[in-house]
Amino acid sequence: MENKVFWLLTISLIVGLSNALLPPGECDVQPKARENCGYPGITEIECSARQCCFNSDAPNSPWCFKPVPVE
């Protein structure tokens, strides 16, 4: 049980840090303009590990998508 807690905390830390590396606004992409960065069924943790954005609010667009640079 202790191993599961350790790994859960480790993954949470990695996701938190990977999301912090993306500057604000890079994930503000309209659903129709999203470029897929994952695969069907990808989790938010797996998507963040790829340095991509995750948003499951739009059902007919990629949930894991590439960030766009903010000028």
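The values are calculated or read from the model by the stated rules, or taken from the named source; none is laboratory data. All values reported here derive from a predicted model rather than from experimental measurement. Quick note on the areas: whole protein, heavy atoms, side chains included, nothing else; ligands and nucleic acids left out. Shrake-Rupley method; radii C 1.70, N 1.55, O 1.52, S 1.80 Å.
So here's what we get for this one:
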read-out	value
Amide H contacts under 5 Å for Ile42, placed H, 5+ residues apart	none
Stretchable slack from Asp57 to Lys4, in nm (0.36 nm times residue separation minus alpha-carbon distance)	16.2 nm
Length added when fully stretched, Glu26-Val70, from 0.36 nm per residue minus Cα-Cα	15.2 nm
Per residue, in Å², the accessible surface of segment 28-71 once ligands and nucleic acids are set aside, probe 1.4 Å	71 Å²
